[in-house]
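The values are calculated or read from the model by the stated rules, or taken from the named source; none is laboratory data. A quick note: this is a predicted structure, and the numbers were derived from the prediction, not measured. Heads up, the Cβs are rebuilt from the backbone with ideal geometry, glycines too, and the neighbour counts pull from every protein chain shown.
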Amino acid sequence: MRLEGKVAIITGAANGIGFAAAETFAKEGATVALADYQADLGESKAQLLRDKGYNVNFYQVNVADRKSIDEMAKAVEEDFGTIDILVNNAGITRDGMLAKLTPADFQAVIDVNLTGVFHCTQAVLPIMLAKGKGKIISTSSVSGVNGNVGQTNYAAAKAGVIGMTKTWAKELGRKGINVNAVAPGFIETAMTAAVPDKVIGQMKMMVPLGKLGKPEDIANAYLFLASSEADYVNGVVLHVDGGIMM
Ligand code: CAA
Ligand code: NAI
């Protein structure tokens, strides 16, 4: 039980990587707040975990909306007493080549994937500072490290997540808070299911392991960074991508 007694918030937990992380954390003894935009899906996923005997609640949030995030952090503290771990996992794509990318699609991705990480982290910070302990894990991407055709907005946001992670690792390390990022490669979720088959084929060719990853591959990386095994890990970007970035 690597997260026994810990309270974790996971954003984007109704689906894909976030849900896999919620189950992985719960299995390891954590109490989990599943925070997501999609209420019906999130409630049903939380019920699925409760049916397995895990202690979880669902909170409907929009990470791009500060008020919604402040209310969620307050509710989690009231419901579970504290917050030990934040996983900033919620994310969206609005892909388009630069020439066609609309300002609205640029901004939407920045609002969720970058500003959302800022809102959630700032909202839980007072609780972690008061405890003198905490783990913050944010989700970047191979696209944020290397760029990706059709992803001006997404690559900018995910590169920004790395910049914030390193800044916060420096600001908060002495306060007992570890701040790290995970940079997944291409993982089998609804997000990659929307990618044209031709592009998926090109993606696979980029991966030395020769296949896409599973949500659990990223959940396990979050778990490591959330656990006490990573107490001396701070400011890293952990690449979990089958070897694309090396
Ligand atoms: N490399 C180089 N050139 C490329 C390319 C690539 N990977 N993909 C497309 N192009 C070229 C095309 O050959 C085409 O060239 P010509 O104009 O000379 O014919 C031009 O770019 C336009 O391509 P499309 O016809 O595909 O343009 P479109 O407007 O119909 O679609 C797109 C553009 C929406 C970006 C579409 O190509 C697409 O969805 N691509 C996938 C983008 C992608 O990889 N998204 C990752 C999603 S998963 C994720 O985001 C998770 C994560 O963190 C990695
Ligand atoms: P997904 O689309 O399966 O799940 C994302 C979840 O985030 C959904 O449940 C969605 O409702 C939620 N969400 C979206 N906008 C939200 C908002 N404004 N507020 C609250 N919740 C919101 O996606 P996936 O693949 O599980 O992605 C998880 C994270 O991993 C994202 O940050 C993504 O950018 C990142 N990532 C994914 C990769 C992949 O190949 N699937 C690769 C690299 C990074």
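Exactly one residue out of M203, M191 is surrounded by 15 or more Cβ atoms within 10 Å (Cβ to Cβ) and at pLDDT below 95: that is M203. Scan segment 129-144 for residues that are in contact (Cβ under 8 Å) with a residue 24 or more places away in the chain and outside any strand (DSSP E or B) and the total you get is 8. Restricted to segment 117-148, and to residues there that are over 15 Å from W168 (Cβ atoms) and near ligand 2 (Cβ under 9 Å from one of its atoms), the residue that is nearest to the chain's Cα centre (by Cα) is S141. Between K45, K52, the distinction of being surrounded by fewer than 21 Cβ atoms within 10 Å (Cβ to Cβ) and modelled with pLDDT of 95 or more belongs to K52 only. Residue pairs whose Cβ atoms lie under 8 Å apart, separated by 6 or more positions or on different chains, with the first residue in segment 185-198 and in a helix (DSSP H, G or I) and the second of a type in the set (S, T, Y), are M191/T93.
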